[in-house]
Structure formats: C-alpha cells, structure tokens
Amino acid sequence: MNDEVKNKQVIEMQSIKNIYKIGYGPSSSHTMGPSYAAEDFLAAHGDAERFVVTLYGSLAKTGKGHGTDRAILDVLSNYDTEIVWDTETPTPVHPNTVDFTAYKSDGAVCSCRYYSIGGGEIRHDFSENVPAQEVYVQNTFGEIATLCKSRNIRLSDYVFEQEGASLKPYLLKVWHTMQNAINEGLSKTGILPGGLEVERKAQFLYSQKHIDESPQTRENRLVCAYAFAVSEQNADCGIIVTAPTCGSCGIVPAVLKYMQDKNHFSDEDILRALAVAGLVGTIVATNASISGAECGCQAEVGTACSMAAAALCELFEMGIDQIEYAAEVAMEHHLGLTCDPVCGLVQIPCIERNAVAAMRAINALSLANFLYGSRKVSFDCVVETMYQTGKDLSHLYRETSEGGLAKLYSAT
C-alpha cells in the first residue's frame, strides 16, 4: 500500500463487518481474496471462452501452499483456465497482485488487475477504486475515544450507533461460527494436509486434565486448546471467521470462549466485546495494514492480539483508557514479527503463534487493570509504528517463504 492509498483510506473507515468474514481457510489474502476477485471478474466476463490468471509477488511465491490456485479454479471451474506463477515481476503497489485476462470468441481480450490487501479485502486499482460507503467519520482511536468520553458512552455503544441494527445479528452469526470452529477443531485428530505432517493437537491439549492442575495451568491449557482448534480448522480448509485474517483466526475466539465459560458472560456481552475488537481491527486496517504480505505477521497476529485484548477489557467493563492501553501493549510487543510460513502453509509457525498471542492478550488485560495510568504510547502511535516497521522489513520476511523458518526449517 503506497502513501497515497494509505492517506486515502485514513479518511474512509468502513464497517467492522469487513474484519469478520466467514469462509473457508487457510488464507484470507491468498484464498478468500483471489476467489472474490475471480467472482468479480467472472461476473463481468462470463461470456469468455477461456481465462488466464497471473499471480505475482507473495501470491506467486506462496500461493501453492495456501491453495490460491484451487480457490480461483473453483470459481472458474466451468472454463478453460490457466494459472501463471510470476515470481519475478515487481509488485510496487501491493505484494498480493493478480491479473485476470478473458479471451472471447470474437477476439476481444479484457484484463483487470486486483490486489488482495488482507482480510479477504480486494481492490481493482488503488488509484481509481471507489471504496465502500464510509461508516465512521472518526478514523483513529484518539478521535473515537475523545468523542465517546465527551458523550459518556462506551466504545461498544459507539460502534452499534454507527453500524445500525444489522450489526448485532451479524456478530451473533460470527460468534456462533467461531464457537463451531472451536468445537469441530476439538473433535478432530489426525494429520493436516499439505505435506508437513503436522499433527492436530487441540484435542490432546483439551483432554490433558490433572487432579492437581493449578488454575493458571488450566487457563493456559484451555486457551491454547481453543486457539489450536480454530487454527487447525483453518489449516484444514474448514469454515472460520477472519479476525482479522485467516492466519490469525484463533486468537479472538479462544479468549472469548474461555472467559465466557469461566465467568458466565452472556452472548450479549460477547457481542459487545466483538464490537470493540472489530473497531480496533478496523482502525489498524484503515490506518496501516492487516496483510502479512505487506507488513509481516505483526499485521495479522499483532492486530488479532490487540483485538482480543480490547475485547477482554470490554467484557470486564474497563474504561476507554484501559482498553487503549491493553490494545497498545498487545501490538507493541508483536512489533517486528515476521511472516515466514514453512512451505507456504498456514501451519508452522502460524498455529502455535495463535495460541501464544491469545495468552498475551490475557496478559495485556491484566496489565491494563493496574498500569494504564502510566502509559506513554498511544494506540494510534503503535499502529503507525507497526506500519512503518512492516514496510522496513525485508521482503524475505513478508509472507514469501524465502526467509526465517521457511528457509531454515528441515523436516529431516
């Protein structure tokens, strides 16, 4: 995302529904986004005889592991379609770039370039694209916090006011889908697809109960089991909710499931927590990026951890300053986190990383309960820092599988 695009998006903050997309894993940017692009292009050129789809940048380098070709071919299954993997052409606008070309019987050739910018969101062309209708006039945490304090309302009240009556039913569907992903993930064992021979571990974690288990150990075990369950469902192409991406989909549901069971929060309480989490994720997507290909895993797991920490604070009815502190701490201590998926699969280190981040969100909640009055860094500042850090990261560590664990890992 170039500076022009970033500045354009800053003034147009859209619905938090865009953060919570329901669909199949394993990657919002590599499977959901390209499939939406294929649907969009097909709608305009359904009379074509054949299609050529050219993947560039991160889509070309890790698309096979993520199943990008499968996602596109599923949409274009009734047509002669060729997938071209171009790993050499530069991608100056966004690393997730794809061209669709339609060849028609009358000799006409029509093309369109799409960018998969994270969380399943796509753009036709940044310089000409007309964004969806703006929902929020305010677009930074600072502006929103100032407004809410002046009116003595909670962040969740603000979200429901701005979004309207359709949001709560949608968030309830999101929550039910998250719960189903946990339950299905806990019910399954076996090896995940892709060739890494990664074994499902959620059920094992969940079932390892001990008579003398301390409350802290139990919390660690259950939260991690829930995060593993959702992440393993994602890796197995199951139905999950982006929060904000597929690769980070286990963090928010894990902490909310654990806290609801432990403290008997109602579904209405959970919806308010999801509203605040969605607001935090949308602020990041608007002012920075949630794309691992653009800013590394800090943009995915870091954002998800901030969302989870903010959601927990809302559950416990903490103040706006405490919510900001928790979200800021969660993001700050993911700064510089690289995206280096082994074999381009959303498995190593992604699954364990969801569990670690879920526990970190709970730690951020605890810190916010005691230390928020001493905070020095705003959430908006850490979001901008994350964005600049991500742009400074070598491309090797931004979802290309060319550096880090992806380069050095060996199964032998």
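The values are calculated or read from the model by the stated rules, or taken from the named source; none is laboratory data. Only a predicted model underlies this, so the values are computations on that prediction, with no experimental measurement involved. Neighbour counts run over all protein chains shown; Cβ positions are idealised from the backbone, glycine included. Areas reflect the complete protein model, heavy atoms only, side chains present, ligands, DNA and RNA absent. Shrake-Rupley method; radii C 1.70, N 1.55, O 1.52, S 1.80 Å.
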Name every residue in the stretch 372-394 that is touching a residue at least 60 places away in the same chain (Cβ under 8 Å) and open to solvent by less than 50 Å² (accessible area, probe 1.4 Å), in order of residue number.
Ser378, Phe379, Asp380, Val383, Met386, Tyr387, Thr389, Gly390, Leu393
Taking only the stretch 284-310 into account, find how many residues are closer than 26 Å to Leu367 by Cα, part of a helix (DSSP H, G or I) and not hydrophobic (A, V, I, L, M, F, W, C).
5
From the list Asn363, Asn369, pick out the single residue that is in a helix (DSSP H, G or I), modelled with pLDDT of 95 or more and open to solvent by 70 Å² or more (accessible area, probe 1.4 Å).
Asn363
Within the stretch 294-322, can you find the residues that are open to solvent by 10 Å² or more (accessible area, probe 1.4 Å) and small (Gly, Ala, Ser)?
Gly319
From Tyr170, Tyr206, residue being among the aromatic types (Phe, Trp, Tyr), open to solvent by 20 Å² or more (accessible area, probe 1.4 Å) and more than 21 Å from the chain's Cα centre (by Cα):
Tyr206
Residues satisfying the stated conditions in the stretch 215-250, i.e. within 14 Å of the chain's Cα centre (by Cα), in a loop (DSSP other than H, G, I, E, B) and either among the β-branched types (Val, Ile, Thr) or on the phi > 0 side of the Ramachandran plot (or both):
Thr242, Thr245
Of (1) out of contact with any Cys (no Cβ under 6 Å at 6 or more places or on another chain); (2) open to solvent by less than 10 Å² (accessible area, probe 1.4 Å); (3) more than 22 Å from Ala368 (Cβ to Cβ), Ala285 fails just (2)
Selection within the stretch 20-69 - polar (S, T, N, Q) and surrounded by fewer than 20 Cβ atoms within 10 Å (Cβ to Cβ):
Thr54
Matching residues in the stretch 324-343 (assigned to a helix (DSSP H, G or I) and surrounded by fewer than 24 Cβ atoms within 10 Å (Cβ to Cβ)) number 3
If I ask for residues that are polar (S, T, N, Q), under 25 Å from the mean Cα position of the chain (by Cα) and outside any loop (DSSP other than H, G, I, E, B), which ones from the stretch 77-104 would you list?
Asn96, Thr97
Could you tell me whether any residue of the stretch 228-237 is open to solvent by 10 Å² or more (accessible area, probe 1.4 Å) and at pLDDT below 95?
yes
Could you tell me how many of the residues in the stretch 105-143 are open to solvent by 40 Å² or more (accessible area, probe 1.4 Å), modelled with pLDDT of 90 or more, assigned to a loop (DSSP other than H, G, I, E, B) and over 23 Å from Val284 (Cβ atoms)?
3
Cβ pairs under 8 Å, 6+ apart, first in the stretch 162-191 and closer than 28 Å to Glu12 by Cβ, second open to solvent by 70 Å² or more (accessible area, probe 1.4 Å):
Thr177/Ile239
Does Gly195 satisfy the condition of being farther than 30 Å from Ile320 by Cα and assigned to a helix (DSSP H, G or I)?
no
Quick one: count up the residues across the stretch 70-104 that are in contact (Cβ under 8 Å) with a residue 40 or more places away in the chain, within 25 Å of Ala48 (Cα to Cα), open to solvent by 30 Å² or more (accessible area, probe 1.4 Å) and out of contact with any helix residue (DSSP H, G or I) (no Cβ under 7 Å at 6 or more places or on another chain).
2
